[in-house]
Structure formats: structure tokens, C-alpha cells
């Protein structure tokens, strides 16, 4: 059995991770931790897990976690993981960070967008960006995995085949994305209150959202040249889910068949579904899947590529478990749902 620690177990992503790990046949949760709720039972915080996860939460102590666990999942605020993860910790346990501290390769870029100091820049080159469908071979056997962000997972995977195959112009890419309110976390915030979000939709982080450089980094690597794009997220009144509509101008002469062939890169991916209708968040809810579709607009010469994920699963906890499965040589789909429940 793989012994797992979860630091930050009571946030939305951490709690979803606890739920998924509790169903994984090869995992035992040995160190569930929460700074805010240390000493309480997990099922007292999330009564829906009563009889499933009644374990008492411990303090967030990465050194103690490394002594007891084979893998440590970090679901912590930006800037904290980089101050906790060390070579000593990595010599004892695999670390999968659900936060942003190890996603960006450039320390200066991280500090500019996150406005906080990065405390372990030497580990940035050691960390692997944990988007399995693109970096699977790099993930195998590594000790430090940077779990991608939710908006970034949806946006990168939707655009990657087009960029990788040179089917779209590199300038002028626009991503219009929408997320449920769980994406803003479980903390008490005025903008997340029911009366503030219900019956409304709003853009936020316009031109400044922290996931922008992450998307640009990965698409630039795919293109082999620098890509700068426009990313605008929106908050919609639903609990979970992300829909990303991505707009780009096609390179002259690109056909529907060219696009189909480009997306065939995903044909053997268990968590990628190419769908004929525009994807809907309800059909990926609770799953580790991404649904992708596209339309070519002959009138404008543009392509509209669309992707949908569950922000807490493929966008966070499920992807973290997928990465753990790869690192430890397990079946990649183990413990992860492929189908959404019904009704939706």
C-alpha cells in the first residue's frame, strides 16, 4: 500500500483529494492534516464522509508527514509550498503540489504574477509539470510534481494539438473561460457569497489572472516559440466545472481533416473525450475527464476550440492522483471516475 499524506485536507481541492484517495485500492491515508481544523475529525468538517473518513486531522507538518508517508500532497496557499519542500523531504517522499509554487520554470515570472517570494528556486528545474497527457514520460519516477492549475489544464489541453501541429496563428489567441465558485476556494470571501454570485456572471482577473503565464509557458513549449495570449476568466453561479472557449485564426489552407488528425494525439488517452457537440460541464462533473470539441468558421477563418472539465477533479485532485499513479507505476485510471453520474 502507498502511504499518503494530505496537507491542506479541508479545502475544496484537499477534501476532494481525500475522497478520491479513500476509494483507491492501493492507497492508505496515514497523515491527513489541516492547520485550521487540527484535532477535529474530517467527517465533522465534511459530514458526507461520516463512516468513510472519520480520522482525526493533524497539524500541517511536512517533516512528520515525510517520516510516515510515501507521497505527500500539498494543497496550500501560494508561496507556502516553496518554503516547505526541501531536498531532505524529497529524499523521503514524493511531493505532489496542487498549488502554483513549482509550475512556472522562471522564478522572476512566478514572483511577478503571484507577488510573493519563491523560497526554493533550485527546485524549479527539478519539478515536472504534471499534465500527464503531455508530460507523462517526464513524470515517471520523479520526486516533485507540479500539479497544473484548473483553468490551465482545460485551456492547454484544448489548444495543445492545434499549437503543436502549427495549425493556428501564434498571435491573437483568445481564451474565454468560465468556472464554478469552488474554484475560488473554501475561505470566506465577500465575492463568493450566494447573494453575490447567484443570478449573475462576471469577469475577474482581467489581464492579470495568475494562470496566464502557466498557459503561455506550456503552449510556448509546444510551439517551439514564445506565445502571448489573451486569457479572461469568469465566475458563474454553479458549484464546480470549467468551460474554456478558445479562439484562434487558422493558418491558411488548414482543413477539418487536419484538425481531426491533430486531435487524434488524444485517441488513446483514457481521460480525453473528443465529442461532437459543444462540451458541457455537467457531463464531466465528478470525473477526471476533459471533453473537447471544435468548430471551424469558414467565414472568418477562425477555429473555436472548446474544453470542459471538473475543476476539482481533472483540474486538481483527480489529476494529482493520476500523477501519483504514474509515479508509482500503477494503472493510470486507478481510483478515478471516467463517467459522470445521472441525473446531472
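Springs between Cα atoms under 10 Å define the GNM used for the chain, and in it the highest mean-square fluctuation of 45, 168, 274 occurs at 45.
Using Cβ counts within 10 Å as a stand-in for footprinting exposure, how do 71, 30 rank, fewest first?
With the sparsest Cβ surroundings first, the list reads 30, 71.
Distance between the pseudo-spin-label points of residue 36 and residue 256 (7 Å out from Cα toward the beta carbon): 4.9 nm. Please report the antiparallel percentage of DSSP beta bridges with both residues in the chain, rounded to the nearest 5. Looking only at bridges with both residues in the chain, the antiparallel portion is about 45 percent.
Given the rule -39500 (n - 2.57) for each run of at least 4 DSSP H residues, summed and divided by the residues of the chain, what is its mean residue ellipticity at 222 nm, to the nearest 500 deg cm²/dmol?
Calculated from helices alone, the mean residue ellipticity at 222 nm is -7500 deg cm²/dmol.
The stretch 25-53 and the stretch 122-197 have Cα centres separated by 27 Å.
GNM remark for the chain: springs join alpha carbons under 10 Å apart, and the peak mean-square fluctuation among 138, 261, 117 falls on 261. Taking packing as the residue-averaged number of other Cβ atoms within 10 angstrom, the listed peptides 141-147, 311-317, 232-238 run from highest to lowest as 311-317, 141-147, 232-238.
Converting the Cα gyration tensor eigenvalues of the stretch 151-309 into ellipsoid dimensions via √(5λ) gives semi-axes, longest first, of 28, 17, 14 Å. Between the Cα long axis of helix 318-327 and the first principal axis of the chain there is an angle of about 80°, rounded to the nearest 10. Would you mind checking the tilt of helix 212-223 against the longest principal axis of the Cα atoms of the chain, expressed as 0 to 90 degrees and rounded to 10? Between helix and principal axis, roughly 60 degrees. Largest GNM mean-square fluctuation across 259, 251, 327, computed for the chain with C-alpha springs under 10 Å, falls on 251. The convex hull drawn around the Cα atoms of the stretch 2-126, when projected onto a plane and averaged over every direction, covers 7.5 nm². Can you give me the angle between helix 150-164 and the longest principal axis of the chain, using Cα atoms only, in degrees from 0 to 90, rounded to the nearest 10? Its long axis makes an angle of about 40 degrees. Per residue, the average separation of C-alpha pairs within less than 8 Å and at least 6 apart gives the stretch 151-309 a relative contact order of 31 percent. Placing pseudo-labels 7 Å out from each Cα toward the beta carbon at residue 169 and residue 234 gives an inter-label distance of 2.4 nm.
With contacts taken as Cα pairs under 8 Å at a separation of at least 6 residues, the chain carries a relative contact order of 17 percent.
No lab work stands behind these numbers, since they all come straight from the coordinates. Predicted model, so just to flag it, every value in this text is computed and none were measured. For neighbour counting, all protein chains shown are included, and Cβ atoms are generated from backbone atoms with ideal geometry for every residue, glycine included.
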